[in-house]
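Remarks on the structure that follows.
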Amino acid sequence: MTTLLSLLLGAGPLLLLALNPVHGSDNSTLPLVLWHGMGDSCCNPLSMGSIKKMIEETIPGIDVLSLMIGKTVSQDTENGFFMDVNEQVSMVCSQLAQDPKLKDGYNAMGFSQGGQFLRAVAQRCPSPPMKTLISVGGQQQGVYGLPKCPGESSHICDWIRKKLNSGVYTDIVQKHLVQAQYWHDPLNDDLYKKHSLFLADINQERVVNETYKKNLQLLDKFVMVKFLQDSVVDPADTEDRLGLAAMDAAGKLDFLGTEGDHLQFTREWFNAKLVPYLR
């Protein structure tokens, strides 16, 4: 299965299949939930704000919720670096459950680490039901390396690198540094499995949680986008511990490849390849 996924993720546009848009029970477009990546926020007019506006212009009438983790945009950005991911996922699950617009289901799209975090939502919180999950450049198997830490302050990125290098699997670093919680060091696999607070759990690397497998397979579609020249997500491929083989056999997995570096895409590509999943 690992080989299959590696081949599919690397095959690029040749694997773009016929898309089956998912609609609500009244034939209206389902709401869309967005989760931004590291160093970004829900409402940055140059990134997530622009994507939200573009989707609303392309699909008139769609409800788009761009998740804010915290009470302000500034907190949202900081929490993408420093807030326990399990707490973030729990916060989002609660927010979605209380939103009446989502009660009949919703689609979700996550960018970079947001794609990984939304998968945790799908696995842990099946109500309201997530129908389609689109992971745009998400590091589903974690990362080993932080080559291009984004953000306005380079000294924050330098500090993060030092902490990751000095003790990524210590309790204090795991608890307070988001990137440590999906750091997967292939040279210290035992330490990773023992101390990883987030990734080892959702990837079933300590014990198999059958509920996680069941909930993920409730998705109608799980779409994974790989950037073929990605210099941020390392390694760039994922592997199966969550019943992905069964989902693949059922036609629920789509793998898209696109040229370019991490999260570098055009509006034309986005509209042609991803928007059909949302209509």
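Computed values, structure above
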{"quantity": "Considering residues of segment 141-159 that are within 24 Å of Phe270 (Cβ to Cβ) and either in contact with a Phe, Trp or Tyr (Cβ under 8 Å, 6 or more places away or on another chain) or open to solvent by less than 10 Å² (accessible area, probe 1.4 Å) (or both) only, the residue modelled with the lowest pLDDT", "calculated": "Gly151"}
{"quantity": "Any hit, segment 166-179, residues being under 29 Å from Val223 (Cβ atoms), under 15 Å from the mean Cα position of the chain (by Cα) and modelled with pLDDT under 90", "calculated": "yes"}
{"quantity": "Sole residue being open to solvent by 70 Å² or more (accessible area, probe 1.4 Å), modelled with pLDDT of 95 or more and farther than 23 Å from Tyr212 by Cβ, chosen from Asp76, Asp104", "calculated": "Asp104"}
{"quantity": "Matching residues in segment 178-211 - criterion: being in contact with a strand residue (DSSP E or B) (Cβ under 9 Å, 6 or more places away or on another chain) and not in a helix (DSSP H, G or I)", "calculated": "Trp183, His184, Ser196"}
{"quantity": "Yes/no for Glu239 being at pLDDT below 85, charged (D, E, K, R) and touching a Ser or Thr at 6+ places or on another chain (Cβ under 7 Å)", "calculated": "yes"}
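The values are calculated or read from the model by the stated rules, or taken from the named source; none is laboratory data. Keep in mind that this is a model prediction, so the values were computed, not measured. Cβ: placed from backbone, ideal geometry, glycine included. Neighbour counts: every protein chain shown. These area figures cover heavy atoms from the full protein model, side chains too; ligands, DNA and RNA do not enter into them. Shrake-Rupley method; radii C 1.70, N 1.55, O 1.52, S 1.80 Å.
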